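Trainee: Dropping the structure in here first, questions after.
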Amino acid sequence: MDDIVDLVTRSLADETAAEFTERVDEQAMKLRSAIDAGEFDNEAFSVGIEVELYAINAEPDPPEPDTDEESDAEIDESDLDDDLSGSSDAAWSGSLDAPAEPESGGGASLEPSPGGSLDAETGDGPDAGGDSLDPADGDEAADAGFGPGEGPSLDVDPDSPLAADEPETPAEDEEPAVEATDDEPDEPYMDPEDWEGRLTRLPEAVFEGEANKELGLHNAEVNTEPDSFDETGIAVQTTAVEMQTKQARQQASNRNCELVLDAMWTIPPEEGSEAYLSAHERRDGVVLAENMRQAPRYVALDNEALRHAGGRIDFDVPGYSGSFPSILFESLATSIQPHLQIPDTEAFPEYYNAAIRTLGPLLALSANSPFLPADLYDDVDGAWLCDNTHHELRIAAFEQSVNTSDHPKVRVPRDLDSTTDVVGRVVEDDLFAPFLREWLEDGDRDDFADEFWEFDHKRGTYWRWLRCVVGGDPVEGASTERSLRIEYRPLPTQPHVKDVIGLQLLTAGLLRGLVVDDHPVSELPWQDAERSFYAAARDGLDADISWVTVHGERTSDREVIYDEVFRYARRGLDEQGVPEAQAEEYLAPLEARYDAGTTPSAWKVERVREYLDDGEPLADAICSMQRDYIAASRDNHSFDEWL
């Protein structure tokens, strides 16, 4: 912990800012020249995605019925031998190691059974051979994603050299993770009647597989390696999201946790939400939030934001107004972040500017966080809250948690005039928690990531709702490590893996379709695109959204807008060789929710209204809704099946 405090203190020093800024300026000049020289042009498009989840305490199975009456039954000697030898399948049923993924990689169930267990019918298990993401192993971990600097909402990828942590020091009185062993009694870890689905911290062992660490101790993330944007690549992306999510849930289930695909947790932890989000200590002037991952850069970002805010950060949304001694309230929410790599650098601004116009429609369709944790609402009328809450509170939570400097860092970006603007935007952005490479890395700057280390570090705090990522993992037949891609950041986590993949295809397909057909959507004034985005965050599908049609006409007609959204998404997928059946499998459920006029957020609001009408207090109604959400996400395969 002293090492973390030392790194944070050095990060916030004036001399560090001066040296860091000089290096960023030098690296930016090289990048501009390389982009202008065509060094970032590539062969084809590629895609990837990041998916964030949060943990609750798992719902225990009811205890097994008493079987004393069967004790006199004849026992086969071979069965007894199997049990004692440990050679039978049953003897390994408590193993914490997930079975290896079959070479074919197919057959994954989209959803876990209750408690996160694997689907017994398929016999498929996730690949448990993922690298440990413990900060101590950061230098050796394989890069499981697009490249350094992205990942969590605050962009501190635990595998990245930009966020290489010192080893976390466990609390001396920390209880060991619950592990399944063969000689443990087959009893639930808690009385099933006591289960409430409360937020819980994830044990370290959960991250021994595919799950990555995130800002909060209750958070996890899975992300895919990039693949070509075509039929095969989309199939690989689909399998990767399914299997990684399934494996992460299995790891959590083994520790009596359940990972939930949802955009905001609402059932508070045992100590209460404000206590959980506010708990901290101060060491040598450095604030250490107790329920934040103690990665040096997380801590530095937290202290930088607090310094700008004067020690506490305000959070104000309908029904709640308060302040926190940490940015940790950003971890109220979880998101998905699709990526689209653009092979033609000259065309990058065209894709980027079109993407800005899609932010409102896609956010409205995906909204999923209308309520804060139930115990944060004090003396609030439930009916009033249902009428006035924002449909996507994640937008406010993220913006207010880190927009503490002179120029807000989380906002809708301006249009690009030229491709090299993506470099200048990072250079001009307010400096937050700079680190120097030699603090965390040894050796020469031999590759792209090392050469532009400080620039990419600063790019990791350029928190626009849409941004360019310069450089990343090479994709065979598509791109080298010198590439440019759009990171699409405002979308909330969805109830099902199928919904997540659907939004990935909708986003990538729509951007490709709009540009390939030269759609005039970018003629919509930027101010109207920005207004539409915040209207969508506030009102969901009922938002007043602006659009320019294929005929160049301005419209706010919802039917016209979404007809074009889905039509051009299909057009883009078709252009990339994605078969119609493959596209329909994932786009049709999203279109069904639009046709029903119900997003996950609208479903939640209506559910709370029903419980309020039944006489439940607001806090109880929110918790009841959340348990219904969890149950529905277990019992179905896509959100449209709830309707």
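Trainee: Checking the structure you have, find out if any residue of the stretch 327-337 is in a helix (DSSP H, G or I), among the charged types (D, E, K, R) and either touching a His at 6+ places or on another chain (Cβ under 9 Å) or modelled with pLDDT of 95 or more (or both).
Mentor: Filtering the stretch 327-337 down to residues in a helix (DSSP H, G or I) leaves 327-332.
Retained after the next criterion (residues that are among the charged types (D, E, K, R)): 330.
Restricting the remaining residues to those that are either touching a His at 6+ places or on another chain (Cβ under 9 Å) or modelled with pLDDT of 95 or more (or both) gives 330.
The answer is yes; a qualifying residue exists.
Trainee: Restricting to the stretch 240-282, and then to whatever is open to solvent by 10 Å² or more (accessible area, probe 1.4 Å) and part of a strand (DSSP E or B), can you tell me which residue is farthest from residue 631 (Cα to Cα)?
Mentor: My answer is 282.
Trainee: If you go through the stretch 7-33, how many residues are open to solvent by less than 60 Å² (accessible area, probe 1.4 Å) and either over 16 Å from residue 453 (Cα atoms) or part of a loop (DSSP other than H, G, I, E, B) (or both)?
Mentor: Matching residues across the stretch 7-33 total 4.
Trainee: With respect to residue 472, determine if the residue is at pLDDT below 95 and either crowded, with 24+ Cβ neighbours inside 10 Å or more than 22 Å from residue 578 (Cα to Cα) (or both). Steps first, answer last, please.
Mentor: Numbers: at pLDDT below 95: yes; either crowded, with 24+ Cβ neighbours inside 10 Å or more than 22 Å from residue 578 (Cα to Cα) (or both): yes.
Yes: the conditions hold for residue 472.
Trainee: Let me ask something else. Evaluate the stretch 432-444: report whether one residue or more is within 23 Å of residue 43 (Cβ to Cβ) and either touching a helix residue (DSSP H, G or I) at 6+ places or on another chain (Cβ under 6 Å) or assigned to a helix (DSSP H, G or I) (or both).
Mentor: Of the residues in the stretch 432-444, the ones within 23 Å of residue 43 (Cβ to Cβ) are none.
Checking the stretch 432-444: not a single residue is within 23 Å of residue 43 (Cβ to Cβ) and either touching a helix residue (DSSP H, G or I) at 6+ places or on another chain (Cβ under 6 Å) or assigned to a helix (DSSP H, G or I) (or both).
Trainee: Another one. Kindly provide the set of residues from the stretch 606-643 that are closer than 22 Å to residue 333 by Cα and either open to solvent by less than 10 Å² (accessible area, probe 1.4 Å) or of a type in the set (S, T, N, Q) (or both), ordered by number.
Mentor: Passing the criteria: 608, 621, 622, 624, 625, 626, 629, 630, 633, 638, 639.
Trainee: Can you list residue pairs whose Cβ atoms sit under 8 Å apart, with the first residue in the stretch 523-551 being more than 29 Å from residue 603 (Cα to Cα) and the second being at pLDDT below 95 and among the aliphatic types (A, V, I, L, M)? Count only pairs 6 or more apart in sequence or on different chains.
Mentor: Taking only residues 6 or more apart or on different chains, not a single pair turns up.
Trainee: Based on what the data block shows, is residue 413 outside any helix (DSSP H, G or I), within 20 Å of residue 456 (Cα to Cα) and touching a strand residue (DSSP E or B) at 6+ places or on another chain (Cβ under 6 Å)? Full working, then the answer.
Mentor: On the way: outside any helix (DSSP H, G or I): yes; within 20 Å of residue 456 (Cα to Cα): yes; touching a strand residue (DSSP E or B) at 6+ places or on another chain (Cβ under 6 Å): yes.
Answer is yes for this residue.
Trainee: So is residue 374 modelled with pLDDT of 95 or more, under 30 Å from residue 271 (Cβ atoms) and touching a Cys at 6+ places or on another chain (Cβ under 9 Å) or not?
Mentor: Numbers: modelled with pLDDT of 95 or more: yes; under 30 Å from residue 271 (Cβ atoms): yes; touching a Cys at 6+ places or on another chain (Cβ under 9 Å): yes.
Spelling it out, residue 374 is indeed modelled with pLDDT of 95 or more, under 30 Å from residue 271 (Cβ atoms) and touching a Cys at 6+ places or on another chain (Cβ under 9 Å).
Trainee: Residue 37 passes all but one of (1) over 32 Å from the mean Cα position of the chain (by Cα); (2) at pLDDT below 95; which number fails?
Mentor: Every condition holds for residue 37 apart from (2).
Trainee: Right, next: Pairs only if they're at least six apart or on different chains, beta carbon under 7 angstrom, first in the stretch 628-642 and among the β-branched types (Val, Ile, Thr), second open to solvent by less than 20 Å² (accessible area, probe 1.4 Å); list them, first residue then second.
Mentor: Listed pairs, sorted by first residue: 630/197; 630/260.
Trainee: Return yes when residue 356 is in contact with a strand residue (DSSP E or B) (Cβ under 9 Å, 6 or more places away or on another chain), among the β-branched types (Val, Ile, Thr) and not in a helix (DSSP H, G or I) and no when it is not.
Mentor: On the way: in contact with a strand residue (DSSP E or B) (Cβ under 9 Å, 6 or more places away or on another chain): yes; among the β-branched types (Val, Ile, Thr): yes; not in a helix (DSSP H, G or I): no.
No; evaluated as a whole, the condition is false for this residue.
Trainee: Could I ask something else about it? Filter the stretch 426-440 down to residues that are open to solvent by 20 Å² or more (accessible area, probe 1.4 Å) and either of a type in the set (Phe, Trp, Tyr) or touching a residue at least 40 places away in the same chain (Cβ under 8 Å) (or both), then give me how many there are.
Mentor: In the first step, residues of the stretch 426-440 are kept if they are open to solvent by 20 Å² or more (accessible area, probe 1.4 Å); the result is 427-428, 430-431, 438-440.
Restricting the remaining residues to those that are either of a type in the set (Phe, Trp, Tyr) or touching a residue at least 40 places away in the same chain (Cβ under 8 Å) (or both) gives 427, 431, 439-440.
The total comes to 4.
Trainee: Further, regarding this structure: Which one of the conditions (1) part of a helix (DSSP H, G or I); (2) surrounded by 20 or more Cβ atoms within 10 Å (Cβ to Cβ) does residue 578 fail to meet, given that it meets all the rest?
Mentor: (1)
Trainee: Do you know which of the residues in the stretch 441-469 that are more than 26 Å from residue 400 (Cα to Cα) and small (Gly, Ala, Ser) is least open to solvent (accessible area, probe 1.4 Å)?
Mentor: Going through the qualifying residues, I end up with 449.
Trainee: Within the stretch 392-407, is there a residue that is under 23 Å from residue 624 (Cα atoms), of a type outside the set (Gly, Ala, Ser) and open to solvent by 40 Å² or more (accessible area, probe 1.4 Å)?
Mentor: No, that holds for no residue.
Trainee: Residue under question is residue 375, and the condition is that it be at positive phi and open to solvent by 10 Å² or more (accessible area, probe 1.4 Å); does it hold? Show your work before the answer.
Mentor: Working: at positive phi: no; open to solvent by 10 Å² or more (accessible area, probe 1.4 Å): yes.
In short, no.
Trainee: Name the residues in the stretch 219-237 that are of a type outside the set (Val, Ile, Thr) and surrounded by fewer than 23 Cβ atoms within 10 Å (Cβ to Cβ), would you? I'd like the intermediate steps shown before the answer.
Mentor: Just the residues of the stretch 219-237 that are of a type outside the set (Val, Ile, Thr), to begin with: 219-221, 223, 225-231, 233, 235, 237.
Once the filter is applied, which keeps residues that are of a type outside the set (Val, Ile, Thr) and surrounded by fewer than 23 Cβ atoms within 10 Å (Cβ to Cβ), the stretch 219-237 yields 225, 227, 230, 231, 235.
Trainee: Continuing with this model, one more query. Whether any residue in the stretch 299-321 is touching a Phe, Trp or Tyr at 6+ places or on another chain (Cβ under 6 Å), in contact (Cβ under 8 Å) with a residue 40 or more places away in the chain, open to solvent by 20 Å² or more (accessible area, probe 1.4 Å) and of a type outside the set (S, T, N, Q) is what I want to check.
Mentor: Checked against the condition, which is being touching a Phe, Trp or Tyr at 6+ places or on another chain (Cβ under 6 Å), in contact (Cβ under 8 Å) with a residue 40 or more places away in the chain, open to solvent by 20 Å² or more (accessible area, probe 1.4 Å) and of a type outside the set (S, T, N, Q), the stretch 299-321 yields at least one hit.
Trainee: Here's another thing I want to ask about it. Taking the stretch 372-410, which residues are assigned to a loop (DSSP other than H, G, I, E, B) and more than 21 Å from residue 311 (Cα to Cα)? Talk me through it step by step, then tell me what you get.
Mentor: Applying the first criterion (assigned to a loop (DSSP other than H, G, I, E, B)) to the stretch 372-410 yields 372-373, 377-381, 389-391, 403-410.
Once the filter is applied, which keeps residues that are assigned to a loop (DSSP other than H, G, I, E, B) and more than 21 Å from residue 311 (Cα to Cα), the stretch 372-410 yields 372, 373, 377, 378, 379, 380, 381, 389, 390, 391.
Trainee: So, in the stretch 477-501, of the ones that are in a helix (DSSP H, G or I) and of a type outside the set (Asp, Glu), which residue ends up most open to solvent (accessible area, probe 1.4 Å)? Please lay out each step first, then the result.
Mentor: Step one: of the stretch 477-501, the residues in a helix (DSSP H, G or I) are 497-501.
With of a type outside the set (Asp, Glu) added as a condition, the list becomes 497-498, 500-501.
Details: 497: 2, 498: 41, 500: 2, 501: 1 Å².
This residue is 498.
The values are calculated or read from the model by the stated rules, or taken from the named source; none is laboratory data. As the structure is a prediction and not an experimental result, all values here were calculated from the model. Every residue, glycine among them, receives a Cβ derived from its backbone with ideal geometry; neighbour counts consider all protein chains shown. All accessible areas refer to the heavy atoms of the entire protein, side chains included, with ligands and DNA or RNA removed. Shrake-Rupley method; radii C 1.70, N 1.55, O 1.52, S 1.80 Å.
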